[in-house]
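What follows is a set of notes on a single structure, which appears directly below.
The values are calculated or read from the model by the stated rules, or taken from the named source; none is laboratory data. It should be emphasised that the depicted structure is a prediction, and the values quoted were computed from it without experimental measurement. Every residue, glycine among them, receives a Cβ derived from its backbone with ideal geometry; neighbour counts consider all protein chains shown.
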Amino acid sequence: MKRIALGIEYDGTGWRGWQTQPDGMTIQDQLEAAIRQFARTSITTTCAGRTDAGVHAFEQVVHLDTSLDRLPVSWVRGINSYLPAAIAVRWACEVPGGKDGFHARSSAVARRYHYLIYNSPVRSPLWKNRAGWVFRPLDCALMRKGAAFLLGEHDFSAFRAAECQSITPVKTMNHIGIERQGDLIVFIFEANAFLHHMIRNIVGSLIEVGKGNQPPEWIGKLLDGRDRSKAAPTFMPDGLYLSRVFYEDKWGLPQRRDVFP
């Protein structure tokens, strides 16, 4: 059996997230249906991290096991010929399999997400489903001060969804960036792993700071309190992008490095 790693890009609009559902309207269902048509056999995929409904990905990473012998370019072109326009395989490569081989989820050492907010008094049809919208002015400097409390290893229970299945709420936040580009505010979150809805819950709370409704220190108090009910509501999924999954160089993945800074 060979183990094949794939880099997947998708527009999450209209799909019910990554994980397979009975109605087949998920990214995993569509991908596995396309693989089945290409390979003429059913093959299950494993992803680096499941994304929710409406969340996009510039580079989701998956692996699959197969006895099929094909060149990487054949996997890319063959699977893409059966995928809907909203989903595409960007690259493929063979990786070591077995117990000590590559695993899309457990071999990952960090994940990076971007969240885009369109900050303007009037909504933009061009950013519909591509960015969250906040019509009140947001102060990026205040949000950066609030975000600083989240850096390092913490119990992120205050930003954890009730249905989260993670074994532990303790995660390590390596980097948070918040920059304004015209009417667009770009958030960057990089951590070893994330809890369910963690980024959207953090963004919702940072927006309260950016509006001036709460001081930056409020974020630290939320973190220490570990009470989800005290934080802001979960923000919309529209502007969330899985932009990079990090692996050790030894796996030799042909990952893209030019999507976002």
Residue 256 being closer than 22 Å to residue 62 by Cβ, basic (Lys, Arg) and in contact (Cβ under 8 Å) with a residue 40 or more places away in the chain = yes
Looking at residue 185, is it more than 30 Å from residue 93 (Cα to Cα) and at pLDDT below 95?
-> no
Test for residue 130: is it assigned to a loop (DSSP other than H, G, I, E, B) and assigned by TED's automatic domain parsing to the domain that holds residue 230 | yes
Taking region 146-172 and keeping residues charged (D, E, K, R), part of a loop (DSSP other than H, G, I, E, B) and either at pLDDT 95 or above or in the same structural domain as residue 50 (by TED's automatic domain parsing) (or both) leaves 160
From the residues in region 89-124 that are aliphatic (A, V, I, L, M) and under 15 Å from residue 47 (Cβ atoms), which one is surrounded by the fewest Cβ atoms within 10 Å (Cβ to Cβ)?
-> 108
All-but-one check, residue 199 against (1) modelled with pLDDT of 95 or more; (2) part of a loop (DSSP other than H, G, I, E, B); (3) closer than 30 Å to residue 248 by Cβ, failing number (2)
Residue count, region 140-166 (criterion: charged (D, E, K, R) and surrounded by 15 or more Cβ atoms within 10 Å (Cβ to Cβ)) = 3
If you go through region 125-139 one residue at a time, do you hit one that is surrounded by fewer than 19 Cβ atoms within 10 Å (Cβ to Cβ), without any contact (Cβ under 8 Å) to a residue 60 or more places away in the chain, of a type outside the set (D, E, K, R) and under 21 Å from residue 223 (Cβ atoms)?
-> no
